[in-house]
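The values are calculated or read from the model by the stated rules, or taken from the named source; none is laboratory data. These numbers come from a predicted model, not from an experiment. Cβ placement follows ideal geometry from the backbone for every residue including glycine, while neighbour counts extend to all protein chains displayed. Accessible surface is based on the protein model in full, side chains and every heavy atom, while ligands, DNA and RNA are left aside. Shrake-Rupley method; radii C 1.70, N 1.55, O 1.52, S 1.80 Å.
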Amino acid sequence: MNTSADNLQARAVDVRIGDGMFYVVLSDGREIGVPYNWFWRLEGATREALLNWRLIGTGQGIHWEELDEDISIEGLLRGKPEP
């Protein structure tokens, strides 16, 4: 996996909620799919709660207020699920 600093600088510009995973659209044109089971708060959440997200830090992360979950884009690009 290529994890150069340039590849980790991309910011999120949108999030799409799917079945079994969410998709993050990045500022450099990439889109990454992330399974909900990487994050226990997301895995057990209702679709309504999952749809209630917002970008934080000018796209450096995603926040779900109702679920008390913050996910960094850099962590997603490194392929690191929640411990």
Seminar exercise, completed: Among residues of segment 47-70 being polar (S, T, N, Q) and more than 17 Å from Arg16 (Cβ to Cβ), the residue least open to solvent (accessible area, probe 1.4 Å) is Gln60
For this session: Hey, can you tell me all the residues within segment 71-83 that are exposed (fewer than 13 other Cβ atoms within 10 Å of the Cβ) and under 20 Å from Gln9 (Cβ atoms)?
Result: Arg78, Gly79, Lys80
Exercise. Taking segment 19-35 as the region of interest, how many residues are under 19 Å from Glu82 (Cα atoms) and either assigned to a strand (DSSP E or B) or open to solvent by less than 20 Å² (accessible area, probe 1.4 Å) (or both)?
Worked result: 8
